[in-house]
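**Student:** Before I ask anything, here is the structure I am working with.
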Amino acid sequence: DYRVYFLHQSYALYPKDSFIDRAQLQMSVHLRSNFDWMKKEQVIQPSICVQMKGQTHLDASYLLVNDEMFRGTWFRKINRGMFRFSADPWSYLGFSVNGQIGKFIYRSSAPRMGQGHQFGSSLTLKPTSQLRFELSYNRARLSSFDTGELFYDGYITRGILVYQFTTEMFLRTIAQYNSFGKSLNVYPLFSYKLNPFTIFY
């Protein structure tokens, strides 16, 4: 039940004899409404994307205009900055860092404007062609923009271990700690492919 109008412009640079392979300056304009033509969201987002040697990427953007209708309330000036850095310098190692800082909507039954941040990081190790290990950490904090009341503050950390014994036999284990709910969960999964049409889990 919505219509979206989207405009995206990009200007690319290809420096010679540089550690930068490509740099892009971008501008995105986004407008969303329902089918009764009631405006639901409007966004203007400039950004820069840099692709460097070693499969290294850096993206940064800013929500210059970010207005949204949520639960009947029109929130204006939800401005925030965002970034992401990722690199896969070797076949056995990859990592990334990302974050957002600024204003967010506290999406509850009584929504309010909040000030906070979201940060995340991940590390991927592939010591052999059969073994892969992923570790991630994500945290978020949000408090009232007007009163400073804390809405939430916590993190989730997760580890994923994958081992491919053979082309038929596969094991994956996920372990996760959620500080918001003070919970620790472990999810093991074993699969065996009997044939291309039958898999045992």
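The values are calculated or read from the model by the stated rules, or taken from the named source; none is laboratory data. Predicted, not measured: the structure shown is a model, and the values here were computed from it. Cβ coordinates were reconstructed from backbone atoms using ideal geometry, including for glycine residues, and neighbour counts include every protein chain displayed. In case anyone asks, the SASA skips ligands and DNA or RNA and just uses the protein heavy atoms, side chains included. Shrake-Rupley method; radii C 1.70, N 1.55, O 1.52, S 1.80 Å.
**Student:** Just to be sure, is Phe85 open to solvent by 90 Å² or more (accessible area, probe 1.4 Å), under 30 Å from Leu125 (Cβ atoms) and in contact with a strand residue (DSSP E or B) (Cβ under 6 Å, 6 or more places away or on another chain)?
**Tutor:** no
**Student:** If a residue counts only when it is open to solvent by less than 60 Å² (accessible area, probe 1.4 Å), which strands (runs of 3 or more DSSP E) contained entirely in the range 153-201 have at least 2 such residues?
**Tutor:** Counting at least 2 such residues, we get 169-178, 183-195.
**Student:** Further question on the same structure: Do we find that Asn98 is surrounded by 12 or more Cβ atoms within 10 Å (Cβ to Cβ) and touching a strand residue (DSSP E or B) at 6+ places or on another chain (Cβ under 9 Å) in this structure?
**Tutor:** So Asn98 passes the test.
**Student:** Residues in the range 144-200 that are out of contact with any strand residue (DSSP E or B) (no Cβ under 9 Å at 6 or more places or on another chain) and in contact (Cβ under 8 Å) with a residue 24 or more places away in the chain: how many?
**Tutor:** 0
To keep it simple, each residue is scored yes or no on (1) within 27 Å of Ser96 (Cα to Cα); (2) modelled with pLDDT under 95; (3) outside any loop (DSSP other than H, G, I, E, B).
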| position | (1), (2), (3) |
| --- | --- |
| Ser10 | yes, no, yes |
| Pro15 | yes, yes, no |
| Met27 | yes, no, yes |
| Trp37 | no, yes, no |
| Glu41 | no, no, yes |
| Ile44 | yes, no, yes |
| Val50 | yes, no, yes |
| Ala60 | yes, no, yes |
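**Student:** Moving on to the next point. Does at least one position in the range 68-76 carry a residue that is under 30 Å from Asp21 (Cα atoms) and open to solvent by less than 80 Å² (accessible area, probe 1.4 Å)?
**Tutor:** Checked against the condition, which is being under 30 Å from Asp21 (Cα atoms) and open to solvent by less than 80 Å² (accessible area, probe 1.4 Å), the range 68-76 yields no hits at all.
**Student:** Which pairs turn up if I take residues in the range 23-49 that are farther than 20 Å from Ile105 by Cβ and look for partners that are of a type in the set (Asp, Glu) and surrounded by fewer than 16 Cβ atoms within 10 Å (Cβ to Cβ) with beta carbon separation below 8 Å, at least 6 apart in sequence or on another chain?
**Tutor:** Phe35/Asp1
**Student:** Kindly list the number of the only condition in (1) aliphatic (A, V, I, L, M); (2) in contact with a strand residue (DSSP E or B) (Cβ under 7 Å, 6 or more places away or on another chain); (3) surrounded by fewer than 15 Cβ atoms within 10 Å (Cβ to Cβ) that fails for Ala110.
**Tutor:** If we test Ala110 against (1) aliphatic (A, V, I, L, M); (2) in contact with a strand residue (DSSP E or B) (Cβ under 7 Å, 6 or more places away or on another chain); (3) surrounded by fewer than 15 Cβ atoms within 10 Å (Cβ to Cβ), just (2) comes out false.
**Student:** Pick from the range 137-148 the residues that are at pLDDT 95 or above and open to solvent by 80 Å² or more (accessible area, probe 1.4 Å): which of them is nearest to Leu123 (Cα to Cα)?
**Tutor:** Filtering first and then ranking leaves Tyr137.
**Student:** Out of all the residues in the range 76-89, which are under 17 Å from Gln118 (Cβ atoms) and assigned to a strand (DSSP E or B)?
**Tutor:** Arg80, Gly81, Met82, Phe83, Arg84, Phe85, Ser86, listed by residue number.
**Student:** Only residues that are within 26 Å of the chain's Cα centre (by Cα) and open to solvent by 50 Å² or more (accessible area, probe 1.4 Å): list them for the range 20-38, please.
**Tutor:** Matches in the range 20-38: Asp21, Arg22, Leu25, Met27, Val29, Leu31, Arg32.
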